[in-house]
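**Q** Have a look at this one before I ask anything.
Every number here is computed from the coordinates shown, using simple stated rules; none is lab data. Quick caveat: nothing in here was measured; it's all calculated off a predicted structure.
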């Protein structure tokens, strides 16, 4: 059986009894960092006798065959990361997929999650949200990434490295707008936990004022469709794009009205004005 276990984010007291029992009884443990795992066991007062196998991003693919063989031999394999759950921006997904393909049973020991912890700390809507992993490292890719999220209506959660936080917030402010609400969640459940809430302008100013250390999770409010504003020029441009794609003006007006949330009559009036100006050469 493949056992995927959630590990405390920082406070050892968040460890479940199921996790402690699994560590004690395991014969094989795949750990993201063996030293951190040993330190956790020490903090928990847990003694383990398992063979610990290094399993991190850099060797995940080459370790798969070895780990699958352990499972196929009839032994259980416990998988742990440095913090949080395996497979959530940490090694684990490929191994779980391989286990499914081999009809090997999978068990999850639920527990702490940086994603849901940050969501609840943010105070932003939690009924619908999306997790986007880590933001891209390079500026161009990161700007495009934020641009693609600009109209995402769900609350957005993602991880960021502390040394890229300022640049990431600058790009977010540029692509999502300075008034978009958000939260920076730092060192969650640890001694120096810190949550900064406000609009992106405020968050960027805060990050500009100090050296940022520790684990960072960012939460941004989703896009509010009711806040979208379209000028007559915007509506005309969109209708012309639809027409260029090969549909009739009547269909184009209806489609632009649907996509923009603007009344069909308003789009129609904009096109009447455009047509009159075009005829007069204005």
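**Q** Would you mind estimating how fast the chain diffuses translationally, via Stokes-Einstein at 25 °C and 0.890 mPa s with the Kirkwood radius over Cα pairs, in µm²/s?
**A** The calculation lands on 111 µm²/s.
**Q** Can you give me the pair-distance distribution of the stretch 229-280, C-alpha pairs, 5 Å bins, whole percents?
**A** Final binned percentages: 4, 25, 35, 24, 10, 2, 0.
**Q** Any chance you could give the angle, 0 to 90 degrees and rounded to 10, that helix 60-72 forms with the longest Cα principal axis of the chain?
**A** Computed tilt is about 50 degrees.
**Q** Still on this structure, I have one more. Separation of the stretch 187-249 and the stretch 21-82 by C-alpha centroid, Å?
**A** If you average the Cα positions of each part, the centres end up 39 Å apart.
**Q** Still on this structure, please answer the following. Give the Rg/Rh ratio for the stretch 1-137, taking Rg as the radius of gyration of the Cα atoms and Rh as the Kirkwood radius, to two decimals.
**A** Across the stretch 1-137, the Cα-based Rg/Rh ratio is 0.98.
**Q** Further, regarding this structure: With springs connecting C-alpha atoms under 10 Å apart, model the chain as a Gaussian network and identify which of 205, 193, 233 has the largest mean-square fluctuation.
**A** 233
**Q** A follow-up question, please. Can you give me the angle between helix 249-260 and the longest principal axis of the chain, using Cα atoms only, in degrees from 0 to 90, rounded to the nearest 10?
**A** 40 degrees
**Q** Please identify, among 166, 121, 44, the residue showing maximal mean-square fluctuation in a Gaussian network model of the chain using a 10 angstrom Cα cutoff.
**A** Looking only at 166, 121, 44, the largest GNM fluctuation is found for 44.
**Q** While we're on this one: Taking 1 over the mean of 1/r across every pair of different Cα atoms in the stretch 171-246, what Kirkwood radius in Å do you get?
**A** Radius from the Kirkwood sum: 15.1 Å.
**Q** Pick from 21, 167, 76: which is most flexible by mean-square fluctuation in a GNM of the chain where alpha carbon atoms under 10 Å apart are linked?
**A** The residue with the greatest mean-square fluctuation here is 21.
**Q** So what does log10 I(q)/I(0) come out to for the stretch 111-225 at q = 0.12, 0.14, 0.20, 0.21 Å⁻¹, using the Debye formula with one equal point on every Cα and no solvent?
**A** Values returned for q = 0.12, 0.14, 0.20, 0.21 Å⁻¹ are -0.35, -0.49, -1.07, -1.19.
**Q** If you project the alpha carbons of the stretch 1-67 onto the principal axes, what extent comes out on each, in Å, largest first?
**A** Each principal axis gives a Cα extent; for the stretch 1-67 these are 34, 22, 17 Å.
**Q** A further question follows. On C-alpha positions alone, give me the angle between the axis of helix 232-244 and the longest principal axis of the chain, in degrees, nearest 10.
**A** Long axis of 232-244 versus the principal axis of the chain: about 80 degrees.
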